[in-house]
Amino acid sequence: MSTANILFIITAGIFPLAFIAYRLGTKKALSGNGGVSLHSRPGYYGWVAVVGLCFPAIAASLIASLLHLTGLYTVPLPMLITAGLILGAGGLWLALRAINPELRARNFVEAIIKWLLLIASTISIFTTIGIVASILFEALHFFNMVGFWDFITGTEWDPDTAFLAGAGRGAEGVAQAQFGSVPIFAGTFMITAIAMLVAAPVGLFSAIFMSEYASHRVRSWLKPMLEVLAGIPTVVYGFFAAITISPMIVNLAESMGLYAEATNALAPGIVMGVMIIPFISSLSDDVLNAVPQELRDGSLALGTTKAETIRNIVLPAALPGIVAATLLAVSRAVGETMIVVMAAGLRPNLTWNPLEGMTTVTVRIIDALTGDQAFDSPLTLSAFGLGLVLLVLTLILNIISISVIRRFRLKYE
Amino acid sequence: MNDILSNPAIRKRYATEKRFRAMCFGAVVFALLFLVFFFADLISKGWPALQQAEMQAEVSYSEAVRDGKYRLAVDKRLRKIVSRGWLRALPLYLEDHPELVGTTTTKWVVVIAEVDQYLKGHPNKLKPKYKKLVDELQADGKVQLAFNTYFFTRGDSKMPELAGIKSAVVGTIYVLLLTMLFSLPVGIMTAIYLEEFAPDNHFIRFIEVNINNLAAIPSILFGLLGLAIFINFFGVPRSSALVGGLTLSLMTLPVIIISARVALEAVPDSIREAALGVGASPWQAVWHHILPLAMPGILTGSIIGLARAMGETAPLIIVGMVAFIPDAPSSILEAATVLPAQIYTWTGEPLRAFAERTSAAILVLLAVLLSLNAVAIWLRQHFEHKW
C-alpha cells in the first residue's frame, strides 16, 4: 500500500461525496425558516458542508499515512476507508446542524481558504528544509566514513574500492578508497572559468549594445533571440558540445601541434559560456537601463564620445549590478550538470591544461548515484558530500548577488 | 566639422568610439552566429533520421516462423540485411494473426541501420558483399528511403533501426501533467497569499527570501531531494513518472510563484478597491476580479516554467528516469523515461545511427519547447491588460 494509492483513493472518493455535501448544505440553508434572509450567498453554506465532510476524513488519512511512514503502525485500507467515511459523515452531520440562515458562512469559508493559502506558501519552506536536511543527513553519514578534512584537502579521488569497505572487506590489503575532492573542485572551477571567459565579455558587450546603441525596435527582437540561448535544454547543449564542438577543438589543437583529449575541458566550458550569455546580458541590460539618463546627458554635454561616457560614467555606476549578474552566472555555471556530464569526462585530474579531460562536482554526483553500489556505500554517499558543498557555494553566491542588486536598486530608484 | 576631424586627438577618440561600438556589435553577432550554427548543425544531423531505409522482400509466414525459426521468413540472400529485431517480432505477430500462417506476402521491411547509413552516404561498417547487394537492389527499386514511422511509433531499442521516441514522449507527457497538477495550484495559491493576504512580518519575509533562493538552487540538488525524500522516505517507486513529476514540480514552483506574483502585482489597486467597495469579501475580490485579470500573465509564466521543466534532465537522472524503456508506461507508478533523458541515453550509444536519432529527438524536443515559448509570448501579447 503506497502513499500514491492512498492519495488516489482520497481524490477518487472524496470528489463525488463533496458534491453531494455541497448540495445538501445549500439546500439546508435555502430551506431555512422563511422570512430571515441568508447571511451569505447559498454556495457558502454548501462549502461549509464540504469542509465538514472533508476536514475530518483528510485529517484521519493524513494521520494514517504519517503512522505508516514512520513505521509505527500500518492502518489496513478497509479500516481506513471506513474510519474516513464515518468521520466524514459525522463532520457533515455537525456542519448541517450548524447551518442556519444566520450562520456567517462566508467568514468561516474564507478563514479556511486563508489557512489553505498559508499552508501552500509554507511548501516552499518545506522544500528548502527538505533539500538541506536530505543532503546534510546523508553528507554527515559520508563524513563519518571519510574525514571531512581528508575530503576537503585530499588530492586523490579514487573511490573504486569503496564497495569493499561496504561489504565488510575493508582490510583485505587492497588500496584504500580515497575521497580527496581537490581535483574535482579544480575541474569545476576550470570549466566555470572558461565559461565565464566566454560569457562575461560577450554578455556584457551585448548588454551595452542593446541598452546604449540599439534602437528600440532592434532591441525588442534581439533580446528574445538571445534568450532562446537560455531556453535550450542543457542536455541538448551537452550533445552539441560532445558531438560537434569537442571534435572541432581536437582537430584545431592537432593543427596547431597540440594534443587535446576527446573529453577536454574547453568544449563544455565554451558551450556553457554561450548558455549563460543571456543571464548576464539580460540582467546587465536591466541594470544599465536603471542608470539615470541624466548621468549620460551630463557626460555627453561635456563633449565626451558615447564610448567614453559608457566606460567612464555608465559602467562604473552600473558596476555593482553587473558584478551581481556575473555572480549569478557563476553560480549557474557551477551547478550546471548535463553539459559537463556529457562532454567533460569522468577522470578527476588536477591540471592547468584545458585540453585535458577533467571532471566536476556535478559529474561526480551523477556518476556516484547512477553506479551499481549500495546506497550506504561511501561512493554513493559521496554524492551528498559533494552536493552539500555545491549547495553552500551556490547559496553564498546567490545571497551576495541578491543583496548587491537590492542595494543597487535602492541607490537609483 | 572638418576642423574637428583634422585634430589627431579627436580622430583617435572617434576611432576608439567606432572600435568600442564594433566590439559591442560583435558580441551580439557572436551570440547570434552561435545560435545559427547550433541550429544548422542539429538540423543537418537530425534531418536524415526522418527517413529510414526499407526493402521490398518476400516474407513467408510459414509454420516454422511461427514456432520460433523467424530467420526463415526471408530469403537467405537478404537475411543478413533485414533488421533482426523486426524478424524476431514475427512469431508473436503470427500468434496474434493465425490466419496468416502458411501465406506469403511481398512487403517493405526494415533493414539494418548499417544499410540505412550506407544509403544515406554516411560512414558505415557494411561489408562490401552487402554493399553490392544493396546497390543491386537499389537498381531494381527494391530498396528505398521512406518516411521513418518507427521513430515516432516505437519505444527505445538496442537496435537503432527500431529505436523510437514514443515511450519517452508518453513519459514526458505524464511527468509534465503531474508537474502541472502539483505546481500550478500550489504556486498560484502561494502567490495569491503573498500578494493579497500576507501580513508584513518576519515570517512572510523569510518565505519570500526562501523562494528567491530556491529559484537559484542548481537543479541537480532537487534530484538529491527527490532521491532522499520521495524515494527513500516516502517510498515512491524509483524511475516512475510520479517521482519525476514531484521532483520537477518542486523545481518549477519558485518560477511559477515569482511570475504569478508579478502578474498579480500588475493588477491596479482600483480594481481591488472597487470590488471591496461594493461589498465583496477579500477572497471574492481576488476570485472574481483580480485572478481573472492576472490569469494571462500567470499562464505565460507557468508555460515558461513548464517548458524549463520539460527540458530538465539532471534531477531526473538522479531519481532513476534514465532506464531503458522499450514500451510506453501505462501508469504513473511504472518505470518511465522522458525525452531529454532519452537523448542522454542515446548519446552514450556508440553506433553512429544513434547519433542521427539523437539529433532528431533533439529537433522534436526543441520544436515543442520553442512552440511552447511562442504560445507564451502570444498569450502575453494578446491577452495581457495594459493598465
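Extending 7 Å from Cα along the Cβ direction at A:Thr82 and again at A:Phe189 yields two label points whose distance is 6.6 nm.
Shielding value for B:227-233 is 5, the average number of Cβ atoms from other chains within 10 Å of each residue's Cβ. Before anything else, pin down the relative contact order of chain A: Cα pairs under 8 Å, at least 6 apart, normalised by residue count, whole percent. Answer for chain A is 17 percent.
Within the listed set A:Val323, A:Val250, A:Val50, the Gaussian network model of chain A (springs between alpha-carbon atoms below 10 Å) gives the highest mean-square fluctuation for A:Val50.
The solvent-accessible area of A:Leu381, taken with every protein chain present and a 1.4 Å probe, is close to 0 Å². In the context of the full protein assembly, B:Met23 retains an accessible surface of approximately 100 Å², using a probe radius of 1.4 Å and ignoring ligands and nucleic acids. Top mean-square fluctuation among A:Thr360, A:Thr380, A:Thr370, Gaussian network model of chain A, C-alpha springs under 10 Å? Checking each option, the largest mean-square fluctuation is seen for A:Thr370. Taking R0 as 35 Å, what's the FRET efficiency between B:Asn7 and A:Ala230 from their Cβ-Cβ distance, rounded to 0.05? Once rounded, the FRET efficiency stands at 0.20. Taking R0 as 60 Å, what FRET efficiency do you get between B:Glu273 and B:Gln138 from their Cβ-Cβ distance, rounded to the nearest 0.05? Given R0 = 60 Å and the Cβ-Cβ separation, E is 0.20. The contact residues of region A:359-405, meaning those that lose at least 50 Å² of 1.4 Å-probe accessible area when all protein chains sit together rather than their chain alone, are A:Ile366, A:Leu369.
Ordered by 1.4 Å accessible area with all protein chains kept, B:Val322, B:Val286 run largest first as B:Val322, B:Val286. Label the protein assembly as shown by shape, choosing from rounded, prolate and oblate, from the square roots a ≥ b ≥ c of the eigenvalues of the Cα gyration tensor; if a/c is under 1.5 it is rounded, and otherwise prolate applies when a/b is larger than b/c, oblate when it is not. Verdict is oblate for the protein assembly as shown.
Of A:Ala60, A:Ala207, A:Ala307, the residue with the greatest mean-square motion in the GNM of chain A, using alpha carbon springs below 10 Å, is A:Ala60.
In the context of the full set of protein chains, residues of region B:48-148 present 56 Å² of accessible surface per residue (probe radius 1.4 Å, heavy atoms only).
Ballpark to the nearest 100 Å², how much total accessible area do B and A bury together, probe 1.4 Å? Each step should come with its number before you reach the end.
Values: alone 21570 and 23060 Å², together 37520 Å².
Its buried surface, counting both partners, is about 7100 Å².
Computed extension length for A:Lys306-A:Ser31: 91.2 nm, one decimal, from 0.36 nm per residue of separation with the Cα-Cα distance subtracted. With all protein chains in place and a 1.4 Å probe, the accessible surface of region B:239-378 carries 69 percent carbon and sulfur.
Roughly how many Å² is the accessible area per residue of chain A, as a whole number, for a 1.4 Å probe?
Working: 19520 Å² over 413 residues.
Each residue of chain A exposes 47 Å² on average to a 1.4 Å probe.
Tally up the carbon and sulfur contribution to the accessible surface of region A:225-344 as a whole percent, 1.4 Å probe, everything protein left in place.
Values: 2690 of 4100 Å².
That fraction is 66 percent.
The mean number of partner chain beta-carbon atoms within 10 angstrom of a residue's beta-carbon across peptide B:28-37 is 6. Estimated from the Cβ-Cβ distance and a Förster radius of 60 angstrom, the FRET efficiency linking A:Thr122 and B:Thr149 is about 0.75. A simple spin-label model places pseudo-atoms 7 Å from Cα toward Cβ; at B:Tyr93 and B:Gln56 they are separated by 1.8 nm.
Stretched out straight at 0.36 nm per residue, the stretch from B:Asp327 to B:Arg238 would grow longer than its current Cα-Cα span by 30.3 nm.
Just want to confirm a number: the relative contact order over region A:3-141, from Cα pairs under 8 angstrom separated by 6+ residues, in percent. Walk me through the numbers on the way to the answer.
Numbers: 123 pairs, mean separation 39.5, N = 139.
Across region A:3-141, relative contact order equals 28 percent.
Among A:Lys306/B:Lys12; B:Lys80/B:Lys127; B:Lys76/B:Lys127; B:Lys76/B:Lys120; A:Lys306/A:Lys411, which pairs are too far apart, with a Cα-Cα distance over 19 Å? List each step's numbers first, then the result.
On the way: A:Lys306/B:Lys12 14 Å; B:Lys80/B:Lys127 11 Å; B:Lys76/B:Lys127 16 Å; B:Lys76/B:Lys120 25 Å; A:Lys306/A:Lys411 24 Å.
Those over the limit are B:Lys76/B:Lys120; A:Lys306/A:Lys411.
Excluding ligands, DNA and RNA, the accessible surface per residue across region B:166-383 is 37 Å² with a 1.4 Å probe.
Inside 10 Å of the C-beta atoms of B:355-362, what's the mean count of C-beta atoms belonging to other chains? Could the numbers behind the result be given before it?
On the way: counts 3, 0, 0, 4, 5, 0, 3, 6.
Going residue by residue through B:355-362 and averaging, the value is 3.
Normalised by the number of residues in chain B, what is the relative contact order in percent for Cα pairs under 8 Å and 6+ residues apart? Each step should come with its number before you reach the end.
Details: 538 pairs, mean separation 74.4, N = 387.
Averaging sequence separation for qualifying contacts and normalising by length gives 19 percent for chain B.
Available extension along the chain between B:Ile173 and B:Thr16 is 51.1 nm, counting 0.36 nm per residue and deducting the alpha carbon span. Dividing the summed -39500 (n - 2.57) terms of all DSSP H runs of n ≥ 4 by the residue count of the protein assembly as shown sets its mean residue ellipticity at 222 nm at -22000 deg cm²/dmol. For the pair A:Met248 and A:Asp158, label points projected 7 Å from Cα toward Cβ lie 3.8 nm apart. Leaving out ligands, DNA and RNA, and with a 1.4 Å probe, what % of the accessible surface on region A:3-141 is carbon or sulfur? Percent of accessible area from carbon and sulfur atoms in region A:3-141: 76. Note every residue of region A:39-69 with a reduction of at least 40 square angstrom in accessible area, all protein chains present versus the isolated chain, computed with a 1.4 Å probe, or write none. Checking the loss per residue gives A:Leu69.
Taking region A:251-281 and a reference point 7 angstrom along Cα→Cβ of A:Leu346, the backbone N atoms nearer than 19 Å belong to A:261-265, A:268.
The values are calculated or read from the model by the stated rules, or taken from the named source; none is laboratory data. A quick note: this is a predicted structure, and the numbers were derived from the prediction, not measured. Because the Cβ atoms are built from the backbone with ideal geometry, glycine has one as well, and the counts that use them run over all protein chains shown. For the accessible areas, the whole protein counts, side chains as well, though only heavy atoms, and no ligand, DNA or RNA atoms are used. Shrake-Rupley method; radii C 1.70, N 1.55, O 1.52, S 1.80 Å.
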